[in-house]
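*Asks:* Here it is, the structure, as structure tokens.
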Amino acid sequence: MLLNSRSLTSTITHVNSYYLTLVLKPGLEEKERKTLLDALSKKLTGEGGKVAKEDLWGVRPLAYPIKRNTSGFFAHFEIEADPANAKGLDKILKLEEDVLRYLLIRK
């Protein structure tokens, strides 16, 4: 049976690799921080993406105050996601109160 090439391209989605670095409020409890990071990971994996690498850098001082915080908890992820899902993640991070800053860039 021959397959139509158009049907194959319509079912295959394009996946990009991204770096995501988060700066979270330093006053978050360990449980709250883990819940937030798990929710972000679950959002990615639920949409067909995957977390390739996760590094938790811990609390570090900031070069300048952000929202009256002089330190922040840093977390770095390497993720693979559809570009549309990356935009959705971008919107979620903008609305999240516990995220002081984030940087989502394509690898």
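The values are calculated or read from the model by the stated rules, or taken from the named source; none is laboratory data. None of the values given here were measured: they were computed from a predicted structure. Backbone-built Cβ (ideal geometry, glycine too); neighbour counts: all protein chains shown.
*Asks:* Would you confirm whether any residue within segment 40-61 is surrounded by fewer than 18 Cβ atoms within 10 Å (Cβ to Cβ), out of contact with any strand residue (DSSP E or B) (no Cβ under 8 Å at 6 or more places or on another chain), modelled with pLDDT of 95 or more and not small (Gly, Ala, Ser)?
*Replies:* no
*Asks:* Scan segment 82-102 residue by residue and report those that are part of a strand (DSSP E or B) and either under 10 Å from the mean Cα position of the chain (by Cα) or of a type in the set (Lys, Arg) (or both).
*Replies:* Arg101, Tyr102
*Asks:* From the residues in segment 75-95 that are in contact (Cβ under 8 Å) with a residue 60 or more places away in the chain and under 14 Å from Val15 (Cβ atoms), which one is surrounded by the fewest Cβ atoms within 10 Å (Cβ to Cβ)?
*Replies:* My answer is Pro83.
*Asks:* Of all residues in segment 10-44, how many are within 20 Å of Lys91 (Cβ to Cβ), touching a residue at least 40 places away in the same chain (Cβ under 8 Å) and not in a strand (DSSP E or B)?
*Replies:* 8
*Asks:* Kindly list, by first and then second residue, each pair from a residue in segment 45-65 that is over 16 Å from Leu104 (Cβ atoms) and free of Cβ contacts under 8 Å to residues at least 12 places away in the same chain to a residue that is surrounded by 13 or more Cβ atoms within 10 Å (Cβ to Cβ) and among the small types (Gly, Ala, Ser), limited to pairs with Cβ atoms under 9 Å and residues at least 6 apart or on different chains.
*Replies:* Here the result reads Pro61/Ser71; Pro61/Gly72, each pair linking segment 45-65 to a residue that is surrounded by 13 or more Cβ atoms within 10 Å (Cβ to Cβ) and among the small types (Gly, Ala, Ser).
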